[in-house]
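One structure below.
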Amino acid sequence: DAKTTQPNSMESNEEEPVHLPCNHSTISGTDYIHWYRQLPSQGPEYVIHGLTSNVNNRMASLAIAEDRKSSTLILHRATLRDAAVYYCILMYAGIMLTFGGGTRLMVKP
Amino acid sequence: AAGVIQSPRHLIKEKRETATLKCYPIPRHDTVYWYQQGPGQDPQFLISFYEKMQSDKGSIPDRFSAQQFSDYHSELNMSSLELGDSALYFCASSLAQGLRAGNEQFFGPGTRLTVL
């Protein structure tokens, strides 16, 4: 399985943008890049996913490097509710998620 | 909108007992997944079902079994419980649509199993 590398933790101030990086240098051409987050005491929650182009939805934006070896999840205005562990996951035609590491985002008021 | 339902939410068992966890997917979702999350750990995939057939298998112990029923709900059966089985068990569902890798999974609130 292709692996991802994320920082263990990041800190942000409330109302400011947050850029969460993910490296996936061994990504294959058919791997989708998924982001999930897990708030304290809750199940994981889908955030966004993409293949090659940048993607936007109501929760976040996903910026994918041209060579697809890295991506960045962008939260445009962090709120206290965004404090969670964010997982960057690669998926190919498969339906199971492999959670590994993740970035613990702390949001300061 | 309807979400994934899991029952029970909390379960306390003794060692060597059995436990059954239930999962009711979002209506019209045809795929169910089970994950286990130990204390301070990341969720680990156990097993999945697509259209009532096992589709993928992860690190599920032989003491555990699961199935998906005709109404698409799923049950995870756990026997000879051990202390190390204490964990949060999440069920997720998705609409496979031919197993495209772009499908998002919707997670339930989890069942917290404590083995004493």
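Every number here is computed from the coordinates shown, using simple stated rules; none is lab data. On a predicted model such as this, the values are computed, not experimentally measured, just so you know. Glycine gets a Cβ as well: all are built from the backbone with ideal geometry, and neighbour counts include every protein chain shown.
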- How large is the dipole of chain A about the Cα centre if only Lys and Arg carry +1 and Asp and Glu carry -1, each at its Cβ, rounded to the nearest 20 debye? 120
- Note on the structure: Output for the stretch A:51-93: trypsin sites (Lys or Arg not before Pro) sitting in coil per DSSP, at most 15 other Cβ within 10 Å, listed by number, reads A:R58, A:K69, A:R77
- Query: Excluding the sites themselves, what is the longest stretch of chain B that contains no trypsin sites (Lys or Arg not before Pro) in a DSSP loop with at most 16 other C-beta atoms within 10 Å?
  - Reply: B:64-99
- Mind checking which lysines have their Cα closer than 23 Å to the Cα of B:K13? Skip sequence neighbours fewer than 8 apart in that chain. B:K22
- Where GluC sites (Glu not before Pro) fall in DSSP loop in the stretch A:5-109, at most 15 other Cβ within 10 Å: A:E14, A:E15, A:E66
- Here, chymotrypsin sites (Phe, Trp or Tyr not before Pro) of the stretch B:1-78 satisfying both criteria (DSSP loop; at most 15 other Cβ within 10 Å) are B:F69
